[in-house]
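Written below as structure tokens is the structure these notes are about.
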Amino acid sequence: MKKALTFLACLLMAGLLFAAGGVETSTKPEQINLEWWTWDPDMLEQNKQIIANFEQANPNVKVTNTIVGTKEYWTKIRIQANQNKLPDVFTMSSGYIEEWAKAGLLYNLDSFIENDNTFDIFYKSIFDTNKAISNTNSYYAIPFALVTTVLYFNKDAFDKAGLAYPTDAWTWDDFKQAAKKLTIDKNGDGKIDQWGFWFYGRYSHIEPWVYANNGKLIDRDTMQFNPDKNAMDAMKMLTDLVLVDKVAPPQKDMISFQQQDVFPQGVAAMWVDGSWFVDTFRKNVGDAMRWGMVRVPSGPAGSNTLTYGWPDSYAIAPNTKHPEMAWKFARYVAGEGINLDVYMAGKIPSAKKLAEDPNFADPNLQPGKDMNLLIEQAAGPMITSYTMGWSEWRGYGGSESLGLNGTIDAIVNGHMSFDEAFRKGTDNINAVLKRYYK
């Protein structure tokens, strides 16, 4: 009997020890802290809500958001990179993906994408555009929004001229014929009051036409500016609109206008620029003018299915302590966990469910069903010209008088002939590229 009681006591003690041991060895989920940097101060309240929702779904995660104004963002994020203190997830521009990827400052996402359902959720074409921009065979960024370029047209001006609206099947000849009929001196004073078209050397005014003619600007083998015949034909066609066809004004005659006001004020009946201007037109024009948008007309050597576009993205720090959770959060803020109202009108979500939301092409807001074009472009083949040193050789921002921008302006303003301008412009552009590609 004593032996039996002793045995039972031992069993009871072992059970208690086992239970106690179970309590001691159980572990809580690891507490994870993520740093998230973005560049849009207008997103402060929305970012707070996004973080709250993510933290609620992931109780062991704490996300801290730092918002830096666009002008200061790249200075401050570069300082973080130099100090090896990059945030876990941060906004990345198409203009810097190649530079940062090659410097080892971006996490290689291939393994995540290969073992995930990424392309069930997001448009593969937009991810592939980022891969092409990186000039590598890997993915280094998670796109959250795409911008493309389109032909905007003034429906009121077309109606008054008795012209059918443009279509996605328009060719350059269709475009030029309409531009001639839409260039009008309304009061007979010898001055044009409404131009058929307007542009200047800015990249989003020029490059869509190059790619609509199946042109190339950069020789990817040498990484030098070496436009092929199709590209040169496109740029000659554009400059001839000013100098020969007289359906577009020289840039020097438009200095009293902000470039985004020429089309909305009815000074030009057509304009090619970024899809982000949908938001500007809705806010500044309202219903004072009826307008629409179609694909950029295709050239004789081109196709009407190739889109000139580029994404805004998120990247992950290469030395993040929590790569799996950083990837999960990056996917979340790139579209999985957010709503369509986060996006500025004209920016195309990379997440399919958001782009295909009926509210994206709201029939009650201009341009109505024309917004479906942007979804088609997001899902289709895409091209861009981003390289290292992109802003300099394009002539963007402070470099506007140089590069491709300055070359086109010099021609349409009558300062140089087409051939002379491109001889000098090519030298300037390649001097920039040689600094980055040695």
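Just a few scattered comments:
- Taking only Cα atoms of region 62-178, radius of gyration then Dmax in Å: 20.7, 63
- With the simple spin-label model, which puts each label point 7 Å out from Cα in the Cβ direction, the residue 137 to residue 353 separation comes to 3.4 nm.
- Sum of side-chain charges, residue 286 neighbourhood, beta-carbon under 15 Å (Lys, Arg +1; Asp, Glu -1): -1
- Principal axes of region 129-206: Cα extent on each, largest first, Å: 59, 25, 23
- Residue-count net charge about residue 46 - beta-carbon cut-off 11 Å; Lys, Arg +1, Asp, Glu -1: -3
- Residue pairs exceeding 19 angstrom between C-alpha atoms, taken from 155/176; 160/236; 131/369; 181/246: 160/236; 131/369.
- With each label modelled as a point 7 angstrom along the Cα→C-beta vector, the residue 120-residue 180 pair spans 5.5 nm.
- Straight-distance candidates among the lysines for linking to residue 124, with alpha-carbon spacing under 18 Å and chain neighbours fewer than 8 residues away dropped: 328, 347, 352, 353.
- In angstrom, the C-alpha Rg and Dmax of region 203-357 are 19.7, 61.
- Taking each DSSP H run with n ≥ 4 as -39500 (n - 2.57) and averaging over every residue of the chain yields -12000 deg cm²/dmol at 222 nm.
- Packing-based ranking of 273-286, 74-87, 91-104 yields 91-104, 273-286, 74-87, ordered from highest to lowest mean Cβ neighbour count within 10 Å.
- Cβ-Cβ FRET estimate between residue 226 and residue 53, R0 fixed at 41 Å, reported to 0.05: 0.25
- Spin-label model, residue 67/residue 289: points 7 Å from Cα along the beta carbon direction are separated by 3.0 nm.
- Treating r as the C-beta distance of residue 259 and residue 219 and R0 as 22 Å, the FRET efficiency rounds to 0.15.
- Distance from the C-alpha centroid of region 350-373 to that of region 93-151: 23 Å, rounded to the whole angstrom.
- Region 300-438: Cα Rg divided by the 2.2 N^0.38 Å rule of thumb: 1.41
- The calculated FRET efficiency for residue 417 paired with residue 110, based on their beta-carbon distance and R0 = 41 Å, is about 0.25.
- The alpha-carbon of residue 252 sits under 17 angstrom from the alpha-carbons of these lysines, leaving out residues fewer than 8 places away in its chain: 191.
- Residue among 330, 212, 157 with the largest mean-square fluctuation in a Gaussian network model of the chain, springs linking Cα atoms under 10 Å: 157
- Between the labelled values (1) 21.0, 69; (2) 27.2, 124; (3) 25.8, 115, the entry that holds Rg and Dmax of the Cα atoms in Å as derived from this structure is (2).
Just so you know, all these numbers are worked out from the coordinates, no wet-lab data involved. Just so it is clear, the model here is predicted, and its values are computed rather than measured. Quick reminder, even Gly has a Cβ in these numbers, built from the backbone with ideal geometry, and neighbours come from all protein chains shown.
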